[in-house]
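Visitor: Take this structure, written in structure tokens, and hold onto it; I'll ask about it next.
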Amino acid sequence: MPLQLHQNINLLSLLILGSFVANIHLSWVDIVLILAFTLFIEHLFLFFNKKRAFYFSYSAISTAVGVIVLMYSTKLWIYFVVIALGLFQKHFLTIRGKHFFNPSNFSLMMALLLFYNDAHMVLGQLGGELWLSVIVFIMAGIMLVRVDRWVIPLVFVVSYLVFQYLLVLSYDPVMIFEDVYLRFYSVTFMLFIYFMLTDPPVTPSSHKEQVLFAIAIALMATLLDRYFGYRVQHLFMSVFFFSFFVHYQIFKTLSSSEIKYVVTILLFMIGVLFYVELQPPYYFEMNG
């Protein structure tokens, strides 16, 4: 079974389960519309992207499901816009055939950049049922072993808990350790760790670099929590930042025009992070 098809089956299965037993706020009519639009725009980009042969793309569905379960908005067209932007960067914001960002993560960051007051990141849409977390763990475990990315979630979880304890809890008398590990009861948070954090095209292939990648993401997210307050978006901002440097080996052989291109993208990325972080925090509660 192709990897992308395997992942799509996993994510669509979780989305279906979540729609029945958890808090997925979109109706199935809306979900089907989003998935149909995603397939259309993905293959439209494939048609115009002469660097790739035209094929049926399973990966676009993963992008759509990631946005559906990690973002909340009452405006359906916002889903269309941010998903289109996430897929656009995958096809056209590339360096020597490699894209810089996970499409779902890029879509979410564009939602915060363009629609901060109308689109929010949430970790509660798949609920916190233990049996569903076990299913996610089994599905993800099989996939992570298959793509050899099992090191990343393991190192991330350990380093994230250690950094949160040393750099946040030790300096904030209001927060307790339960505030941190309660995130791990969220099935959506597990989905973030197992699937978005381990996307093969934008993660290192060697185990040594995977360890450094996971530690760096955990450290940056924790430092943002320390100095700017405990906010869900910090995890996604950290992934957004470090995925840019995954293909650093290519950077060593760039031409002068390619260097200008990469620097422009880097400045854009930094600008997005600064803009989003300067926005006032929002408080969003899901009550079933």
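The values are calculated or read from the model by the stated rules, or taken from the named source; none is laboratory data. On a predicted model such as this, the values are computed, not experimentally measured, just so you know. Don't worry about glycine lacking a Cβ; one is built from the backbone with ideal geometry, like all the others, and counts go over all protein chains shown. Just so you know, the surface numbers come from the protein's heavy atoms only, side chains and all, with ligands and any DNA or RNA stripped out. Shrake-Rupley method; radii C 1.70, N 1.55, O 1.52, S 1.80 Å.
Visitor: For ILE24, are the conditions met, namely being part of a loop (DSSP other than H, G, I, E, B) and either crowded, with 18+ Cβ neighbours inside 10 Å or among the β-branched types (Val, Ile, Thr) (or both)?
Guide: Criteria met by ILE24.
Visitor: Can I ask one more? Kindly provide the set of residues from the range 168-190 that are in contact (Cβ under 8 Å) with a residue 12 or more places away in the chain and under 26 Å from VAL21 (Cα atoms), ordered by number.
Guide: ASP179, VAL180, TYR181, ARG183, PHE184, TYR185, SER186, VAL187, THR188, PHE189, MET190
Visitor: Residues of the range 178-205 being under 30 Å from HIS25 (Cα atoms), open to solvent by less than 20 Å² (accessible area, probe 1.4 Å) and assigned to a loop (DSSP other than H, G, I, E, B), which ones?
Guide: Hits for the range 178-205 are SER186, LEU197, THR198.
Visitor: Can I ask one more? Looking at the structure I just gave you, is MET175 among the hydrophobic types (A, V, I, L, M, F, W, C), surrounded by 14 or more Cβ atoms within 10 Å (Cβ to Cβ) and not in a loop (DSSP other than H, G, I, E, B)?
Guide: When the stated conditions are applied, MET175 does not pass them.
Visitor: While we're here: Regarding the range 38-50, can at least one residue be identified that is farther than 26 Å from TYR194 by Cα, aromatic (Phe, Trp, Tyr) and assigned to a loop (DSSP other than H, G, I, E, B)?
Guide: No, because not a single residue in the range 38-50 is farther than 26 Å from TYR194 by Cα, aromatic (Phe, Trp, Tyr) and assigned to a loop (DSSP other than H, G, I, E, B).
Visitor: Can you tell me which residues in the range 38-97 are at pLDDT below 90 and among the aromatic types (Phe, Trp, Tyr)?
Guide: Answer for the range 38-97, where residues must be at pLDDT below 90 and among the aromatic types (Phe, Trp, Tyr): PHE47, PHE48, PHE54, TYR55, PHE56, TYR58.
Visitor: Could you check ARG183 against (1) under 17 Å from the mean Cα position of the chain (by Cα); (2) under 25 Å from LEU93 (Cβ atoms) and say which number it fails?
Guide: Just one mismatch for ARG183, condition (2).
Visitor: Of the conditions (1) in contact (Cβ under 8 Å) with a residue 60 or more places away in the chain; (2) open to solvent by 30 Å² or more (accessible area, probe 1.4 Å), LYS208 clears all except one; give me its number.
Guide: Evaluating LYS208 over (1) in contact (Cβ under 8 Å) with a residue 60 or more places away in the chain; (2) open to solvent by 30 Å² or more (accessible area, probe 1.4 Å) leaves (1) as the failure.
Visitor: Mind listing whichever residues of the range 121-131 are of a type outside the set (S, T, N, Q) and either open to solvent by 30 Å² or more (accessible area, probe 1.4 Å) or part of a loop (DSSP other than H, G, I, E, B) (or both)? Break it down stepwise before answering.
Guide: Our first condition is that a residue be of a type outside the set (S, T, N, Q); within the range 121-131, this holds for 121-124, 126-131.
Those that are of a type outside the set (S, T, N, Q) and either open to solvent by 30 Å² or more (accessible area, probe 1.4 Å) or part of a loop (DSSP other than H, G, I, E, B) (or both): VAL122, LEU123, GLY124, LEU126, GLY127, GLY128, GLU129, LEU130, TRP131.
Visitor: Being within 20 Å of the chain's Cα centre (by Cα), surrounded by fewer than 20 Cβ atoms within 10 Å (Cβ to Cβ) and in contact (Cβ under 8 Å) with a residue 12 or more places away in the chain is the filter here, so list the residues in the range 155-167 that pass it.
Guide: Listed by number, the residues that qualify are VAL155, VAL157, SER159, LEU161.
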